[in-house]
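Peer 1: Take a look at this one; I'll ask things after.
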Amino acid sequence: MKKSSIKYVSVALTALLAAAPVAVPILPTAVTATHVQAATAGLPETQVIVGWTDQAPLEVMGAKGLEQVQAPAAKNVHSQLVTRNGNEYLMTDAVAGKQYYIKLDDKGLPVAGTGVVNRVEQLQKNHDISGYALQATGDKNAKGDFAKLNSLTGEVDLDPSAAAQLNAAIDQNNGKVTPVAEYTYVASGSTVQTEYYGFLVDGQVYFIKKDALAAANIQLVQLPKAKPTNPVNPVMSSTTTVVLNVSGISGTITTTADSVAAFNNAALTSYAGIFLAKATQLSVDQVALRDDGTVMAYHVAANADQAAGKWLAATNVTFAENTPAPQTSRQTLPADTVLYSQSAAKIYSDPALTQESGKKLALTIDEWRAFEKSLDEADNVIAYRLGTNQWVKANALQSQKAKNGVFVTSKGMLLYDVSGQAAGNITTTGTYRVYAERHINGHQALKLGTDAQWIYAENGAYYPAQ
C-alpha cells in the first residue's frame, strides 16, 4: 500500500523565522539553593504540629459554624491556636483545600472523643530574657544534650553539633549567644510540660532544658551593657604599629577552619559576632596588606550572602582570583541562518558565556534562527545568539541534522552543494533516500546522496521513516 504523502514543513521553524528576533522558546530549570543566609530575626514564637488517622472525623468551618467531616490522611500538619465560642482549637494549614479544627482541653491536648488525633507537638515561647546569655563555666566547655526544632515533625531533636557551636561562640565572641528566651514544650500524647532555654548561634536556633544547665556545665549570665561606640578606628595592641595597605581585588575566599570569625575592621581587632562554617565561599573586593607585603585580611563584598562588608583573617581562608572574562568579538550572521540542537543546552546572557540565565533550550523544538556568532581571540566560534541576549555554546548546535525517510521528486529539479551553489539536476523522476536536513539559501533542504546532492524540500514530497 502506498504511504500517504506528507509534504515536509517545519511548523516550529516557520513560526520562528516569521517573528522578529525575540526570546527563543525556553524551558525553566529548577532553582538550586546555593548559599542562603540563615535568618537572624529572632526565635520562633510558637510551633504546633498535629497528625491524625486516615478518614478521621474532624471539624471544618461551615455556613452554620463548625461542622464535622471526614478528613483526608495527613501527617505533620502545621497548626495555630485559635479561640472559637470560648473554646480553644488547633486550626491547621490547608489540607486538600480545607482548614481543620481540633478542640483542645485545659491541658492543651485534644479533648476525649477526638482520639483520631495521634500526635500533637507544641512549642510555645513564654518570654524573652533580655540582656542574658548562656555561658560555659568551670573548664569553659559546654556539654549536655542540646537540641534543634524539627520544622517537619514539630519535635525537639537532639543535635550533637550544638554544644560545639555554643563553645565556639563563647570562646570567640564573649558569650554572645543571645537573644535567650524561655520555652514550654509538650510532646505528642503527653501532658508533661518541659521547660527549655532557646538561644541563637550564628542565626541558628538551639534549645537546652532549663533543669540541665548545671549538668551541661553552663549557666545563665547577665551580659555587660554595651559601651559607646568609639569613633576612632581601633588598632592592634602591639609594640609595633601595623601599617595596612588596602587595595581593590576581585576573587573568592574559602574558609579552611570551623567557626571562622568575621571582623568589623581590617586590623582584625573588632569582632562582628559572625562565625562561618568550614568550606564557606564568599566573594571579596578588597585585600589588606601589612607594610612588608604580607596579606592580613580580605574584605567580603557587599553582595555576599554572609558576612557582607566584614573582614576575614587571611590565615583562615584560601583565596582564588577571579578569571577575567574572555575577550570576544561578534559577527552578524546571514539572514535566515538556521541551526539545530539535540539537547536542552544552557542559555547564557552574554556572548562570552560567563553569565548563565538559568534557562535552557526547549526539547520540543530543535530548529533555531541564529542572528549572531561570537568568536574568541583566535577567531574560533564559541557561541550563537538565538534571541535577545540568549547565547548558546557553539558545540551544542549544528548546521544540519540526520534525517531518515524517502523523498519523491521529479526529473529536472535542481540540486545544490552545502555552499548553496547549483550542482546539477535530478535525472530521473522517482523516490530517493533522505540522509540529512539543513537550510540552504534560506530554504529547507534534504540530502539525497553526497554533499553536492541537496534538494529544496519544497520541490517534492517527504515521507518520514516509520
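The values are calculated or read from the model by the stated rules, or taken from the named source; none is laboratory data. If you're wondering where the values come from, they're calculated on a predicted model, not measured in any experiment. Quick reminder, even Gly has a Cβ in these numbers, built from the backbone with ideal geometry, and neighbours come from all protein chains shown. Surface accessibility is based on the protein's heavy atoms, side chains included, excluding ligands, DNA and RNA. Shrake-Rupley method; radii C 1.70, N 1.55, O 1.52, S 1.80 Å.
Peer 1: Restricting to segment 443-459, and then to whatever is in contact with a helix residue (DSSP H, G or I) (Cβ under 9 Å, 6 or more places away or on another chain) and in contact (Cβ under 8 Å) with a residue 60 or more places away in the chain, can you tell me which residue is surrounded by the most Cβ atoms within 10 Å (Cβ to Cβ)?
Peer 2: Checking each candidate, the answer is Leu446.
Peer 1: Sticking with this structure for a sec: When you scan segment 250-276, how many residues do you find that are surrounded by fewer than 17 Cβ atoms within 10 Å (Cβ to Cβ) and at pLDDT 85 or above?
Peer 2: Residues in segment 250-276 being surrounded by fewer than 17 Cβ atoms within 10 Å (Cβ to Cβ) and at pLDDT 85 or above: 5 in total.
Peer 1: Report every pair of residues separated by at least 6 positions or lying on different chains whose Cβ atoms are under 6 Å apart, first residue within segment 422-437 and aromatic (Phe, Trp, Tyr), second in a strand (DSSP E or B).
Peer 2: Tyr432/Phe407; Tyr435/Lys447
Peer 1: Here's a follow-up. Filter segment 348-368 down to residues that are assigned to a strand (DSSP E or B) and out of contact with any Asp or Glu (no Cβ under 7 Å at 6 or more places or on another chain), then give me how many there are.
Peer 2: Within segment 348-368, residues that are assigned to a strand (DSSP E or B) and out of contact with any Asp or Glu (no Cβ under 7 Å at 6 or more places or on another chain) number 8.
Peer 1: Among Leu333, Leu353, Leu397, Leu361, which is open to solvent by less than 50 Å² (accessible area, probe 1.4 Å) and more than 32 Å from the chain's Cα centre (by Cα)?
Peer 2: That would be Leu333, the only listed residue that is open to solvent by less than 50 Å² (accessible area, probe 1.4 Å) and more than 32 Å from the chain's Cα centre (by Cα).
Peer 1: Kindly indicate which of Ala378, Ala452 is of a type in the set (A, V, I, L, M) and in contact with an Asp or Glu (Cβ under 6 Å, 6 or more places away or on another chain).
Peer 2: Answer to the selection: Ala452.
Peer 1: Now for a different question. What single numbered condition from (1) under 30 Å from Ile274 (Cα atoms); (2) at pLDDT 90 or above fails to hold for Glu321?
Peer 2: Condition not satisfied by Glu321: (2).
Peer 1: Within segment 192-221, track down each residue that is open to solvent by 20 Å² or more (accessible area, probe 1.4 Å) and modelled with pLDDT under 75.
Peer 2: Asp202
Peer 1: Let me ask something else. Criterion first (modelled with pLDDT of 85 or more and either over 26 Å from Leu200 (Cβ atoms) or not acidic (Asp, Glu) (or both)) does Leu312 satisfy it?
Peer 2: Criteria met by Leu312.
Peer 1: Among the numbered criteria (1) farther than 29 Å from Ala212 by Cβ; (2) touching an Asp or Glu at 6+ places or on another chain (Cβ under 7 Å), which single criterion is violated by His127?
Peer 2: So His127 meets the others, but not (1).
Peer 1: Is there any pair linking a residue in segment 370-383 that is aliphatic (A, V, I, L, M) to one that is assigned to a loop (DSSP other than H, G, I, E, B), with Cβ under 7 Å and at least six apart or on different chains, and which?
Peer 2: Qualifying pairs under 7 Å: Ala370/Leu333; Ala370/Thr337; Leu375/Thr328; Ile382/Thr328; Ile382/Leu353; Ile382/Asp376; Ala383/Pro351; Ala383/Leu353.
Peer 1: Output the number of residues of segment 409-442 satisfying the condition of being of a type in the set (D, E, K, R) and crowded, with 16+ Cβ neighbours inside 10 Å.
Peer 2: 2
Peer 1: Please report, ordered by residue number, the strands (runs of 3 or more DSSP E) entirely within segment 377-466 with at least 1 residues that are out of contact with any Pro (no Cβ under 9 Å at 6 or more places or on another chain), β-branched (Val, Ile, Thr) and more than 30 Å from Ile347 (Cα to Cα).
Peer 2: 400-409, 430-440, 454-456
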